[in-house]
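Colleague: My questions will all concern the structure given below.
The values are calculated or read from the model by the stated rules, or taken from the named source; none is laboratory data. From a predicted model like this one, the values you see are computed outputs, not experimental measurements. Positions of Cβ are backbone-derived with ideal geometry, glycine not excepted, and every protein chain shown enters the neighbour counts. Only protein heavy atoms, including side chains, enter the accessible area calculation; ligands, DNA and RNA are left aside. Shrake-Rupley method; radii C 1.70, N 1.55, O 1.52, S 1.80 Å.
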Amino acid sequence: MEDKRNIQIIEWEHLDKKKFYVFGVCMTMMIRVSVYPFTLIRTRLQVQKGKSLYNGTFDAFMKILRAEGAIGFYRGFLVNTFTLISGQCYVTTYELTRKYVSRYSSSNTVKSLVAGGSASLVAQSITVPIDVISQHLMMQRKGESMGRFRVKTANGKQAVMFGQTKDIILQIFKADGLKGFYRGYVASLLTYIPNSAVWWPFYHFYAEQLSRLSPKDCPHLLLQAISGPLAAATASTITNPMDVIRARVQVEGKSSIINTFRQLMAEEGPWGLTKGLSARIISSTPSTIVIVVGYETLKKLSLRPELVDSRHW
């Protein structure tokens, strides 16, 4: 008889692919709406010099709310929704790579490590141009900009919606050409490939450990919901220094990761590498719970009919 404490991983071949993609797009959109404000706060904290504007996550939240209103938390959001494409490419690459690696290794850690890194490589190749544009839009404060480019105004009013996006795109292209949209690509890979490669093994590790300590009938979804934030906090702490450098390279238009690192260390010391970490962890806790519960539920709902009764939840 199956031990209910053993968390079974739903693999690619167990899924109804049509349901998986339809439910996946809806779930991803809901998650992005909920976590985007903290993404904006994290980016502004990472880019600011010292504490010139914001004195931490809560201070940034209150100042943005007072100065720009609730809509200020969603600057660049419409552009960022195009990352839905990269999100679907990510999960597809992750699941297919797990399936491929399983031919050579039965270790879940190895499968998660390789699949997570590969999925991030594919996703970042699509995401970076979208991120570059959306991050410059995030930097547009009321009447000024924290980045290289500022949305032009007409009669004292900023262009709205995609008018701002078009303006930023033209400024990036004029300043840097097509390569400007891939500024920070290497820094992004050095940030998100390790982050993804580390997150999945830690996620499964924490879930396995919790399942051993929990009662036999404890819902697996609850254990997975706890494991997700633990894995996210671990991965965020490990990769945050590179994330700070990535944000500065993309927003400030720097061309050298090493020089950016040296400048950051000279200006702010080692503590500069922790900038935005609290916002990253705070945002990752609720968002990762939603992502994990959503993703595991998505896979459950997408199970082939003949396998539905074979899983304990």
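Colleague: When residues of segment 244-284 are filtered for being in a helix (DSSP H, G or I) and basic (Lys, Arg), how many remain?
Modeller: Narrowing segment 244-284 to residues in a helix (DSSP H, G or I): 244-252, 257-268, 270-274, 277-284.
If we keep only those that are basic (Lys, Arg) as well, we get 246, 248, 262, 280.
Number of matching residues: 4.
Colleague: Kindly indicate whether ARG98 is charged (D, E, K, R), open to solvent by 20 Å² or more (accessible area, probe 1.4 Å) and more than 21 Å from ALA187 (Cβ to Cβ).
Modeller: Values: charged (D, E, K, R): yes; open to solvent by 20 Å² or more (accessible area, probe 1.4 Å): no; more than 21 Å from ALA187 (Cβ to Cβ): yes.
Considered against the rule, which asks whether it is charged (D, E, K, R), open to solvent by 20 Å² or more (accessible area, probe 1.4 Å) and more than 21 Å from ALA187 (Cβ to Cβ), ARG98 comes out as no.
Colleague: Would you mind telling me which numbered condition in (1) open to solvent by 60 Å² or more (accessible area, probe 1.4 Å); (2) of a type in the set (Lys, Arg); (3) in a helix (DSSP H, G or I) LYS216 fails?
Modeller: Just one mismatch for LYS216, condition (3).
Colleague: Quickly run through segment 222-252 and pick out the residues that are modelled with pLDDT under 85 and open to solvent by 20 Å² or more (accessible area, probe 1.4 Å).
Modeller: GLU252
Colleague: Is one or more of the residues making up segment 1-15 touching a helix residue (DSSP H, G or I) at 6+ places or on another chain (Cβ under 9 Å), under 23 Å from THR239 (Cβ atoms), open to solvent by 30 Å² or more (accessible area, probe 1.4 Å) and β-branched (Val, Ile, Thr)?
Modeller: No, segment 1-15 contains no residue that is touching a helix residue (DSSP H, G or I) at 6+ places or on another chain (Cβ under 9 Å), under 23 Å from THR239 (Cβ atoms), open to solvent by 30 Å² or more (accessible area, probe 1.4 Å) and β-branched (Val, Ile, Thr).
Colleague: Further question: With the requirement that a residue be surrounded by fewer than 17 Cβ atoms within 10 Å (Cβ to Cβ) and within 19 Å of VAL151 (Cβ to Cβ), what does segment 164-187 give you? Walk me through how you get there before you give the answer.
Modeller: Step one: filter segment 164-187 for residues surrounded by fewer than 17 Cβ atoms within 10 Å (Cβ to Cβ), giving 166, 170, 173-179, 182, 186.
Within segment 164-187, LYS166, LEU170, PHE173, LYS174, ALA175, ASP176 meet the criteria.
Colleague: When you check LEU298 against the structure, is it in contact with a His (Cβ under 9 Å, 6 or more places away or on another chain), assigned to a helix (DSSP H, G or I) and either surrounded by fewer than 19 Cβ atoms within 10 Å (Cβ to Cβ) or modelled with pLDDT under 85 (or both), yes or no?
Modeller: Numbers: in contact with a His (Cβ under 9 Å, 6 or more places away or on another chain): no; assigned to a helix (DSSP H, G or I): yes; either surrounded by fewer than 19 Cβ atoms within 10 Å (Cβ to Cβ) or modelled with pLDDT under 85 (or both): yes.
Judged against the criteria, LEU298 is not a match.
Colleague: In segment 116-151, how many are closer than 21 Å to LEU170 by Cα, open to solvent by less than 10 Å² (accessible area, probe 1.4 Å) and small (Gly, Ala, Ser)?
Modeller: Residues in segment 116-151 being closer than 21 Å to LEU170 by Cα, open to solvent by less than 10 Å² (accessible area, probe 1.4 Å) and small (Gly, Ala, Ser): 1 in total.
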